[in-house]
Amino acid sequence: MHKPNLQPIQLINKLEFEPNMIRLGTGELSPELFPRKKMQSVFQSISDKIGSLGYLEPKGLLPLTKIISAYLKKHGVDVSPDCILIVSGALQALQLISIGILQPGSTIFVEKPSYIKSLSVFQSTGMKLTGLSMDEYGIRVNEIKRSNKNTTLLYTIPTFHNPTGIIMPEERRNKIITICEKERVPIIEDDVYRELWLDELPPKPLKSKDKNGSVLYLGSISKTLAPWFRIGWLVGPEPVVNRLGDIKMQTDYGSSSLSQWALAEWMASGLYEENILEVREKLRIRRQVALNALERNFSDIAIWNKPKGGFRASLPVVDANIFILGVALASFFWFTGITTIASVFRNNINIKVMRWINLICGGVMIYYGLKLVYTFIVMIR
């Protein structure tokens, strides 16, 4: 019987990368930044290395966990491959933690605001969320207090926070670790944006300061390479990783074997870090284009932070509240002013003129209302 000889490289050649839409909410690289030629080279290389595409071990492909272990050491996170679990993106890691470690009804400290998709995962598994306010340096440390026995952990995005873009400085990170150890509050550190720094290397992860195994660390390539790999990693104490690995096997029998082999080749060959350098350079150019557009179109109604990495430019925390209040007040006074004038002079104005006034004023209100809403959405993304 004839056996089809379809190489992975042929599949890559058939893929179409022209997007139907630009999604601002998911946080991902433009399809134009996808390294197609390098991806073809990687798949060509692994086609001769893969002996089997059967189910892998619960924690994932061992060569990949070894490579990630070495990769994390560069960021000050010194862990063995046995303490690493390969997951299908950071969101799956949060789901596994929620169903495998936490009790239903547990209270989780989260930043206010925080990544809405992560909050949805916690809420869908029966967790209660307590928001911690932020300043320009991240979480306000004095708000981290175990108020009751159900306060289980803190979920934080200290590096290029989503959605504010804040980078938690070294001093604040030290305080977070100290207070969480004192209050016996474990930490989930979501660090998926770390490699997307544009100006200077961010401080080392909270996990690098963890001496007691109280920080569960999440990483991913969805932001730095391609979301469709669906590969991320969870780092924690070996017993915790073993338990979550068993639950993952019961859930989906492991993340894609092909994706794991491909990522192992990407990282072992040096192509991954080479590609990140290219991505940073292109993101610097795009950041400047975006800032120029904001300055040209919205400088009269808002100010914003220059992002030092990640994907988002945001309003300063205090100014965001002022901006929202300003939009509400402007809309209120505009609407009440127009309706009051129309009501007082309705008997002295020709009905056709009144109709045109209504149409013009209505059009202006809709235009500026949409413009303000659009501006606000762009700022908080």
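Quick notes
- Single match in 91, 119 (criterion: free of Cβ contacts under 8 Å to residues at least 12 places away in the same chain, open to solvent by 30 Å² or more (accessible area, probe 1.4 Å) and part of a helix (DSSP H, G or I)): 119
- Being over 20 Å from residue 233 (Cα atoms) and in a helix (DSSP H, G or I) is a property that holds for residue 285.
- Among the candidates 256, 208, the residue that is modelled with pLDDT under 95, out of contact with any Pro (no Cβ under 6 Å at 6 or more places or on another chain) and open to solvent by 10 Å² or more (accessible area, probe 1.4 Å) is uniquely 256.
- Among residues of segment 211-238 being within 12 Å of residue 259 (Cβ to Cβ) and assigned to a helix (DSSP H, G or I), the one that is least open to solvent (accessible area, probe 1.4 Å) is 229.
- Considered as a group, the residues in segment 239-253 that are open to solvent by less than 10 Å² (accessible area, probe 1.4 Å) and among the aliphatic types (A, V, I, L, M) include one that is farthest from residue 98 (Cα to Cα), and that residue is 241.
- Screening segment 1-55 for residues that are of a type in the set (Ser, Thr, Tyr) and outside any helix (DSSP H, G or I) and picking the one that is modelled with the lowest pLDDT gives 26.
- Residue match in segment 178-192 (condition: aliphatic (A, V, I, L, M), within 22 Å of the chain's Cα centre (by Cα), more than 17 Å from residue 89 (Cα to Cα) and at pLDDT 95 or above): yes
- In segment 169-176, the condition of being under 29 Å from residue 242 (Cα atoms), outside any loop (DSSP other than H, G, I, E, B) and open to solvent by 10 Å² or more (accessible area, probe 1.4 Å) is met by at least one residue.
The values are calculated or read from the model by the stated rules, or taken from the named source; none is laboratory data. Model, not experiment: these values are computed from the prediction. Cβ: placed from backbone, ideal geometry, glycine included. Neighbour counts: every protein chain shown. Only protein heavy atoms, including side chains, enter the accessible area calculation; ligands, DNA and RNA are left aside. Shrake-Rupley method; radii C 1.70, N 1.55, O 1.52, S 1.80 Å.
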